[in-house]
Structure formats: C-alpha cells, structure tokens
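> Here it is: the structure, laid out below.
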Amino acid sequence: GAVVSQHPSWVICKSGTSVKIECRSLDFQATTMFWYRQFPKQSLMLMATSNEGSKATYEQGVEKDKFLINHASLTLSTLTVTSAHPEDSSFYICSAVPGQGVGQPQHFGDGTRLSIL
Amino acid sequence: EDQVTQSPEALRLQEGESSSLNCSYTVSGLRGLFWYRQDPGKGPEFLFTLYSAGEEKEKERLKATLTKKESFLHITAPKPEDSATYLCAACSGTYKYIFGTGTRLKVLA
C-alpha cells in the first residue's frame, strides 16, 4: 500500500521550455503533498508544501512564479517548471501523506530527472 | 529550532558485520519518527514509523528503536543489497517534517 507514482521519470528539453511533472497517490488520498529537489550526494531540499484546494506554501528562496504547483485533487499534484534553464536541471521528488497527515509518514515517488540543454 | 542529525555520514561494513546508525533529534512535540532507505536515482522508500520512546519496529535485518532524544537503525548481518542511503525524519508538533542528511551505507561482499 501507499504507492506514489511520479511521471515522467526522465525529461530532457531545450532551454526556455516549460516542463510539467505529475505526482499521483495511487491507493490513498492525500491532503498534503510535498515537492523536493535533490542534488547529487545531498539530502532532500524542500521546495514547497502543497495542500489540496489551496495555494502551495513555498520555502524561502524558491521562486513561486518559476515553480508552479497545483494540487487540484486528493490524488494529484503537479509541478510546472516554467521557462526552464540549465540551472534548473536537477532531480525532483514528490511525496504524499495519507489522509489528514497527522503524524503520518511521507510516501515518495521515484523522482524525475530534469535535464535542460 | 527543530533539528535532526544523523551519524555517521558514511559507513562501510563487511557482509555480516552488524552495526547501528544514529538519528539524534531535537523536535518540539514529536508526532512521529520515520526511517527511509534511498537507492541512487530513486525516491526514498519508507521503512518504519516510531511514535513513542521505547517503541521498536523490525523488518528482516533491520530494527528501529526510539528514545526521547535519538533513534537507532540496527542492521544485523548486513548483505551487499542493504547498501543504500538511510534517512531519518521527524514530524514536529506543528506538523513540520525535518529530515536528516542521511547515512551512506556500503556493505562489502
């Protein structure tokens, strides 16, 4: 149980393109989802917290106009990297917390490797 | 300030050589302590949740324990396939999740 699917797993695109990443909880509903960025051999860096039906909360230093987050249903959150540039290349990982998320573990997708040429 | 610290940063073990990974936390109103395993190029895989001091959870060669200040992940007779980065995370009283920086475990055959 508690499966999170993230798509695509790998994307390569040209500079200036916008890229959308989907995060779905397959067998549970998630009021809260998280988006992380991870650099090689480093830990997870929280970008934003996404709550269903409301605006995402972004961490300090994360440009909300650059990284658009939509959490339109209890099983789907999307991250759109707008006008991507090479410095946006990274490994992006989403997670979801079952139910109301009171002290529940996050369950992670398998990540999306984004390469901007 | 809520904080989670993991040690050691990296650990090399011979196959069959048991050891423990440490996760020290200072978190107000702990709601849960979580352990994950992360393989290269993958998202973290959930292993255990611990809620109160004295609690223990076991799965195959792994056992997680919790005190009021720290958690341990004990690995008994590890195999090369146990090689991974192990992350711990704490959920605070305000429902913030704080992650440690992980322990990179390498088990040699």
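> Can you give the Rg and Dmax of the range B:65-109 based on its C-alpha atoms, in angstrom?
13.3, 44
> Taking the dipole about the Cα centre of chain A, with the C-beta of Lys and Arg at +1 and of Asp and Glu at -1, give me whichever of A:L68, A:S9, A:S25 is farthest to the positive side.
Comparing the listed Cα positions along the dipole, A:S9 ranks first.
> Moving on to the next point. Please state the shape class of chain B: rounded when a/c is under 1.5, otherwise prolate if a/b exceeds b/c and oblate if not, all from the C-alpha gyration tensor.
prolate
> What order do B:D2, A:D27, A:D65 take when sorted by accessible area (1.4 Å probe), most exposed first?
Output order, biggest surface exposure first: A:D65, A:D27, B:D2.
> Additional query: About the Cα centre of chain B, what is the dipole size in debye to 20, counting +1 per Lys and Arg Cβ and -1 per Asp and Glu Cβ, all else neutral?
So the magnitude is around 100 debye.
> Could you rank A:W35, A:W10 by how accessible they are, 1.4 Å probe, largest area first? Provide the component values of the computation, followed by the final result.
Numbers: A:W35 0, A:W10 165 Å².
These residues rank, largest area first, as A:W10, A:W35.
> So which residues in the range B:13-46 end up with at least 10 square angstrom less accessible surface once the other protein chains are there, compared with the chain by itself, probe 1.4 angstrom?
B:R31, B:F34, B:Y36, B:Q38, B:G41, B:K42, B:G43, B:P44, B:F46
> I would also like to ask the following. Among the GluC sites (Glu not before Pro) in the range B:40-107, which ones are in a DSSP loop with at most 14 other Cβ atoms within 10 Å of the Cβ? Mind listing them?
Working: sites: B:E45, B:E55, B:E56, B:E58, B:E60, B:E70, B:E81; in loops: B:E55, B:E60.
Loop-located and lightly packed - B:E60.
> If you average the sequence gap of Cα pairs under 8 Å that are 6 or more apart and divide by the length of chain B, what percent do you get for the contact order?
Relative contact order for chain B comes out at 37 percent.
> Another question, if that's okay. Quick query: amide H of B:E45 versus all other amide H atoms, modeled in the peptide plane; which residues come in under 5 Å with a sequence gap of 5 or more or a different chain?
B:R37, B:Q38, B:D39
> I would also like to ask the following. In sequence order, what are the phi-derived ³J(HN,Hα) couplings for the range B:47-52 according to the Karplus relation 6.51 cos²θ - 1.76 cosθ + 1.60 with θ = phi - 60°, rounded to whole Hz, with x for glycine and proline?
These are the phi-based 3J(HN,Hα) values: 10, 9, 10, 10, 10, 9 Hz.
> Here's another thing I want to ask about it. When all alpha-carbon pairs of the protein assembly as shown are counted, what percent fall beyond 22 Å?
Considering the protein assembly as shown, 52 percent of its Cα-Cα pairs are separated by more than 22 Å.
> Among B:L62, B:S28, B:G43, flag the residue with its Cα farthest along the positive direction of the charge dipole of the range B:9-72, charges on Cβ as +1 for Lys/Arg and -1 for Asp/Glu.
Highest projection toward the positive end goes to B:S28.
> Once phi is turned into ³J(HN,Hα) by the Karplus curve 6.51 cos²θ - 1.76 cosθ + 1.60 with θ = phi - 60°, what whole-Hz value does each residue of the range A:43-49 show in order, with x for glycine and proline?
7, 6, 10, 5, 9, 6, 10
> I would also like to ask the following. Using only Cα atoms, locate the centre of the range A:9-60 and the centre of the range A:78-117, then give the distance between them in Å, rounded to an integer.
Each part's Cα centre sits 3 Å from the other's.
> Let me ask another. How big is the Cα convex hull of the range A:62-105 in projection, averaged over all directions, in nm²?
4.1
> If you don't mind, there's one more thing I want to ask. Would you work out which of B:Y86, A:I116, A:M45 lies farthest towards the positive end of the dipole of the protein assembly as shown? Charges go on Cβ: Lys and Arg +1, Asp and Glu -1.
Selected residue: A:I116.
> Where Lys and Arg each count +1 and Asp and Glu each count -1, what net charge lies around A:E63 among other residues with Cβ under 13 Å from its Cβ? Spell out each step's value before the answer.
Working: positive: A:R37, A:K64, A:K66; negative: A:E59, A:D65, A:E87, A:D88.
Local charge sum for A:E63: -1.
> Here's a follow-up. When N is the residue count of the range A:1-64, what does its C-alpha Rg come to as a fraction of 2.2 N^0.38 Å?
Rounded to two decimals, the normalised Rg is 1.26.
> Can I ask one more? Rolling a 1.4 Å sphere over the protein heavy atoms, what is the accessible area per residue of chain A, to the nearest Å²? Provide the component values of the computation, followed by the final result.
On the way: 5750 Å² over 117 residues.
With the other protein chains kept in place, chain A gives 49 Å² per residue.
> For A:S43, A:S9, B:S7, give the ranking by accessible area with the largest first, probe 1.4 Å.
In descending accessible area the options line up as A:S9, B:S7, A:S43.
> Ok, one more. Which number comes out as Rg/Rh for the range A:14-117 once both Rg and the Kirkwood Rh are worked out on C-alpha atoms?
0.96
> Pop out the carbon and sulfur fraction of the accessible area of the range A:34-110 as a percent, whole number, probe 1.4 Å.
On the way: 1810 of 3580 Å².
Carbon and sulfur atoms account for 51 percent of the accessible area of the range A:34-110.
> Here is the link list: B:K79/B:K106; A:K14/A:K66; B:K57/B:K106; B:K59/B:K79; A:K66/B:K42; A:K41/B:K63. Which ones come out longer than 19 Å on Cα distance?
In this structure, B:K57/B:K106; A:K66/B:K42; A:K41/B:K63 exceed 19 Å between Cα atoms.
> Run the numbers on chain A and let me know its relative contact order in percent, using alpha-carbon pairs under 8 Å that are six or more apart. If you can, show how the numbers build up before the last one.
Values: 302 pairs, mean separation 43.4, N = 117.
Result for chain A is 37 percent.
> Next question. Given a 1.4 Å probe, how much area per residue of chain B is accessible, in Å²? Could you put the intermediate results ahead of the total?
Working: 5460 Å² over 109 residues.
Using a 1.4 Å probe on heavy atoms only, each residue of chain B averages 50 Å².
> Right, next: Please give, to one decimal in nm, the separation of the simple spin-label points placed at A:C13 and B:A77, each 7 Å out from Cα toward the Cβ.
In this crude label model, A:C13 to B:A77 measures out at 5.0 nm.
> Restricting to DSSP loop positions (anything but H, G, I, E, B) with no more than 13 other Cβ atoms inside 10 Å of their own Cβ, which chymotrypsin sites (Phe, Trp or Tyr not before Pro) remain in the range B:33-90?
Answer by residue number: B:Y51.
The values are calculated or read from the model by the stated rules, or taken from the named source; none is laboratory data. This one's a predicted model, so the numbers in the text were calculated from it and none came from an experiment. Cβ sites come from the backbone with ideal geometry, for glycine too, and all protein chains shown count toward neighbours. Surface accessibility is based on the protein's heavy atoms, side chains included, excluding ligands, DNA and RNA. Shrake-Rupley method; radii C 1.70, N 1.55, O 1.52, S 1.80 Å.
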